[in-house]
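I have placed the structure first, in the form of structure tokens, so that the comments after it can refer back to it.
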Amino acid sequence: MRLAVNQDNCSGCRTCELVCALENFRENNPKMSRLRIHGEFPAPGKYRVSHCTQCGTCQEVCPVDAIEETGGGYYRVLEDECIGCMACVEECPEGVVFTHDAIDVPFMCNGCGSCVEICPRNAIYDADDPGRTRYKEFEEVD
Amino acid sequence: MLKGYAGKILHIDLSDGTHEVTETPREWAEKFLGSRGFGARILWEELEPDVQPFDAENVVVMAAGPLSGVMLPSAGKISFHTKSPATGGYADSNMGGHICAELKFAGYDAVVIRGRAEKPSYLVLDDDDIEVRAAGDLWGEKCIDGEVRLKEELGEEFQVALIGPAGENRVRYACIGHDFGRQAGRCGIGAVMGSKNLKAVAVRGTQSVPLADPDGVLQKGRQMYLDSFQLPGFKEWTPQGTAGVTDWVNEIGAFPTKNFWTTHFEDHKNINGQAILDRILVTHKGCFSCTIPCGKYSRACVGDTEFYVEGPEYETIAMMGGNLMLDSIEKVAYANWLADDLGIDTISGGAVLSFAFECFEKGLLDEEQVGRKLEWGSVDDVAFLLQSIAERDGIGDILAEGVRRAAEKIGGGADYYAIETKGLEWSGYESRWAPGQLISYATADVGAHHNRAWTITYDVAVGRDTLDGKAEKAIELQHVRPLFDALGICRLPWVEIDLPLEHYPEIFQMVTGLSYSWEELIEASERIWNLTRAFNMKHIPGFGREHDHVPERFFAEEIPTGPAEGNMVPQENFEELLDRYYELRGWDKHGHPTPEKLRELGLDFVVGELDLE
């Protein structure tokens with residue numbers, strides 16, 4: 001599963017943020033999601049999706065080896081090892097390592113693909129399996 | 001407290017800058033659901049009949065619903081409520097975007113704003129941190145620049161709702177803007193904010209919406225999305241959004257044209273949804289959690305001016321397109337942009353402008369009064385009028401009062417050209433030959449608005465002339481459509497792409513823990529309908545049947561041109577339908593709910609206060 005984006009298709013609905021938090025934390029809270037939508041208004045009037053590119057920077061910069069790679073090339077913070085230095089948060093080139101008061105350690109995308117499945121605009125897709133959209137005929141969104 | 005609700009109501013007193021938090025009453029949730037239901041309940045509680053809309057004692061209630069902010073299609077509709085400067089009665093105005101969900105994440109079901117700030121101010125809600133701040137030179141900014149500034153100052157995560165110069169100057173149909181193109185358009189709630197010296201409300205929240213059954217919501221919510229994707233309407237309706245209905249409304253002859261003089265606009269193909277897609281669209285822009293982004297964010301040029309606008313959607317195409325004889329999508333988008341930025345409702349704004357153009361044409365206004373000659377279809381004249389209205393300058397000061405009051409000032413029979421009911425201008429369905437839609441407009445609680453019951457499709461489906469089933473249909477829609485307003489979500493997934501209604505009681509239970517059947521949800525909606533009726537009885541002197549009226553023009557003139565030429569609904573048919581409507585509702589012949597009806601709905605407290613025995 002390799003997350004990729006058709007930025008032009010994004011409508012800014014943020015359902016991806018919602019499903020991510022519900023799937024991974026069982027919390028209805030976009031601030032607990034592992035990707036973010038940014039609006040660029042009034043001009044050019046588009047949305048931008050910030051998402052994990054699996055670059056591994058977070059793991060590289062962690063001073064205490066508290067970030068492990070899960071199977072599939074995604075990363076996870078080990079709660080017992082993390083010292084809260086925030087290097088991963090600061091150094092992530094996409095700005096998609098997040099923190100939240102109610103969650104003990106920083107969190108990042110785990111490649112679950114829930115966002116791919118639910119995006120109504122075909123704005124987020126799986127680059128390893130682009131045909132894995134809800135309905136194949138809707139690849140082109142005007 | 002039930003899940004789904006944030007559990008708190010925030011009270012702001014602008015007069016001394018203080019605030020207080022109370023618990024959301026469980027009883028209110030059970031009987032009135034939320035959003036519009038809370039707004040109606042709070043207005044009933046708060047306002048004495050002698051309070052005038054621009055008095056400090058008037059309140060503005062912003063309220064989300066129990067399903068707002070939840071993972072289900074289009075869960076982001078907030079309502080604003082107040083005593084309307086247009087009608088003097090109950091007002092609510094509904095808005096999409098993202099501020100509704102953000103209010104839930106900040107931990108509030110509703111915000112009740114009382115009093116008047118000494119100086120122009122804005123409100124910042126940042127989870128538990130509440131501040132009333134001096135607006136300084138933010139006051140005077142138009143809506144686009146104002147939102148840019150606030151997001152730059154506070155952070156892009158903040159959701160901003162604000163008024164423009166029109167609201168600051170108490171234009172009676174001033175709207176509230178948000179998210180660079182969404183509005184709480186109707187009833188002049190922006191003007192009430194202006195009268196309170198309140199420029200904006202900015203919200204950020206980091207909390208979760210509590211759920212009774214998180215696993216259930218994840219599964220059920222996900223299913224509602226996946227089901228939506230399979231519906232034919234999902235692919236067919238979404239590209240043009242509501243603009244897609246423009247051609248059909250013209251083909252059946254119900255398109256407001258030239259101040260509701262006729263019902264078909266010859267250039268409609270130049271201002272329809274396809275014109276948007278072909279010529280100006282930049283982005284399909286959606287509200288919170290929406291599957292079918294109906295916002296058509298566009299870029300266009302008129303003269304030397306390049307602009308961006310979310311729109312135009314159907315209502316603006318109708319009210320500022322055909323109704324103003326603007327014959328290109330670029331011109332309609334331009335009028336849309338000007339109105340949005342100044343903070344003027346495009347529906348009422350369109351109707352006020354068309355009133356002005358027709359008054360000029362008929363010699364009721366002259367060049368000296370207006371400041372220039374007015375010509376139908378002139379986009380420069382439209383721009384001039386909108387600017388004058390926002391500033392209350394010259395003729396703008398009269399037109400800022402809305403068509404009813406402007407007509408009173410202008411005199412000479414101008415009221416004939418004032419297309420309004422209860423003081424609110426009509427929206428975009430010319431209903432002279434649509435009895436179901438006619439009765440819907442006449443009886444809507446906020447004044448002439450189609451949001452309560454969109455009956456035109458039924459009129460056409462079963463026959464324009466027949467009265468059979470029309471009162472029943474209006475009532476049914478007046479319960480179903482505002483139910484979405486009470487739940488705090490958008491009805492378009494059901495209305496436009498046929499997402500089955502069965503989903504809603506199911507997810508409502510998973511979210512709140514409350515097991516309500518569809519009938520019980522509808523009953524809550526009927527309860528709210530009777531409460532807002534009662535509010536109008538309490539606040540509008542002599543309120544009754546004569547307030548459920550239809551503009552004189554509709555009974556005086558047959559449709560003069562187009563596919564519906566020669567047709568109309570005879571007045572006696574309307575009166576008969578209104579009788580039937582009251583009867584079905586359990587109201588008396590004055591259009592007043594009977595004590596029995598009110599008690600049946602659990603509105604005993606209304607019976608006592610209205611002295612109905």
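Quick one: work out Rg over Rh on the C-alpha atoms of the stretch B:425-610, Rh as Kirkwood radius. Kindly include the intermediate steps, with their values, before the conclusion.
Values: Rg = 17.3 Å, Rh = 17.5 Å.
For the stretch B:425-610, the value is 0.99.
Once R0 is set to 51 Å, what does the formula 1/(1 + (r/R0)^6) return for the Cβ-Cβ distance between residue B:519 and residue B:561, expressed as a FRET efficiency to the nearest 0.05? Could you put the intermediate results ahead of the total?
Values: r = 45 Å, r/R0 = 0.88.
The calculated FRET efficiency here is 0.70.
Accessible area per residue, 1.4 Å probe, Å², for the stretch B:129-199: what's the number?
On the way: 2080 Å² over 71 residues.
Here the per-residue accessible area is 29 Å².
What's the percent breakdown of Cα-Cα distances in chain B across 10 Å bins, shortest bin first?
Percent of pairs per bin, in order: 4, 18, 30, 30, 16, 3, 0.
Report the accessible surface area buried between chains A and B, summing both sides, using a 1.4 Å probe on protein heavy atoms only, in Å² rounded to the nearest 100.
Numbers: alone 7960 and 20530 Å², together 25040 Å².
Answer for the A-B pair: about 3400 Å² buried.
Straight-line reach from residue A:46: which aspartates and glutamates have a Cα under 13 Å away, not including same-chain ones fewer than 8 places off?
Within reach: A:8, B:179, B:310.
With the crude spin-label approximation of a point 7 Å out along Cα→Cβ, what separation in nm comes out for residue B:235 versus residue B:376?
Here the answer is 4.2 nm between the modelled labels.
Under a crude label model (7 Å from the Cα following the beta-carbon direction), how far is residue B:22 from residue B:409 in nanometres?
According to this spin-label approximation, the distance is 3.8 nm.
Output the antiparallel fraction of DSSP beta bridges having both residues in the stretch B:8-204, as a percent to the nearest 5. List each step's numbers first, then the result.
Working: 34 of 45 bridges.
Here the share of antiparallel DSSP bridges comes out near 75 percent.
Given a cut-off of 32 Å, name the pairs among B:199/B:538; B:285/B:597; B:470/B:597 whose C-alpha atoms lie farther apart than that in the structure shown.
Values: B:199/B:538 30 Å; B:285/B:597 43 Å; B:470/B:597 21 Å.
Long pairs (Cα-Cα over 32 Å): B:285/B:597.
Quote the charge dipole size of the protein assembly as shown about the Cα centre in Debye, to the nearest 20; the model charges only the Cβ of Lys and Arg (+1) and of Asp and Glu (-1). Mind dumping the intermediate values first?
Details: 71 positive and 125 negative charges, 82 e Å.
With only Lys, Arg, Asp and Glu charged at Cβ, the dipole is about 400 debye.
Over 25 Å between Cα atoms, which of A:31/B:196; B:269/B:331; B:31/B:589 qualify?
On the way: A:31/B:196 33 Å; B:269/B:331 14 Å; B:31/B:589 27 Å.
Flagged as over cut-off: A:31/B:196; B:31/B:589.
Can you pull the percent of the protein assembly as shown's accessible area that's carbon plus sulfur, 1.4 Å probe, other chains left in place?
Looking at the protein assembly as shown in its full context, I get 44 percent from C and S.
Taking the Cα centre of the protein assembly as shown as the origin and placing charges on Cβ (Lys, Arg +1; Asp, Glu -1), which of B:475, B:60, B:132 is farthest toward the positive end of the dipole?
B:475
On the first, second and third principal axes, largest extent first, how far apart are the outermost C-alpha atoms of the stretch B:387-466 in Å?
48, 25, 20
Below 8 Å between Cα atoms, with a sequence gap of 6+, how large is the relative contact order for the stretch A:54-107 in percent? Write down the numbers at each step before the final one.
Details: 72 pairs, mean separation 17.0, N = 54.
Over the stretch A:54-107, the number comes to 32 percent.
Given the DSSP H assignment, sum -39500 (n - 2.57) over each helix run of at least 4 residues in the protein assembly as shown and divide by its residue total; what's the result at 222 nm in deg cm²/dmol, nearest 500?
Working: 30 runs with 276 residues, N = 755.
Taken over the protein assembly as shown, the calculation gives -10500 deg cm²/dmol.
What percent do you get for the relative contact order of the stretch B:8-204 when only Cα pairs under 8 Å and 6+ apart count? Don't skip to the answer; put the middle values down first.
Values: 508 pairs, mean separation 45.2, N = 197.
So the answer I get is 23 percent.
Could you do me a favour and compute the accessible area per residue for the stretch A:54-107, 1.4 Å probe, result in Å²? All intermediate terms of the calculation are to be shown ahead of the outcome.
Details: 3060 Å² over 54 residues.
I get 57 Å² per residue for this part.
Can you list the residues of the stretch B:257-290 whose accessible area drops by at least 50 Å² going from the chain on its own to the full set of protein chains, with a 1.4 Å probe?
Residues shielded by partner chains are B:283, B:284.
What percentages make up the Cα-Cα pair-distance distribution of the stretch B:1-81 when the bins are 5 Å wide from 0?
Per 5 Å bin, starting at 0, the Cα pair percentages come out as 3, 13, 22, 25, 18, 11, 6, 2, 0.
For residue B:362 and residue B:279 in one chain, what is 0.36 nm times their gap in residues minus the Cα-Cα distance, to one decimal in nm?
Answer, rounded to one decimal: 26.4 nm.
The values are calculated or read from the model by the stated rules, or taken from the named source; none is laboratory data. All values reported here derive from a predicted model rather than from experimental measurement. Positions of Cβ are generated from backbone atoms using ideal geometry, with glycine treated the same way; all protein chains shown enter the neighbour counts. Protein only, heavy atoms only, side chains kept; ligands, DNA and RNA dropped before computing areas. Shrake-Rupley method; radii C 1.70, N 1.55, O 1.52, S 1.80 Å.
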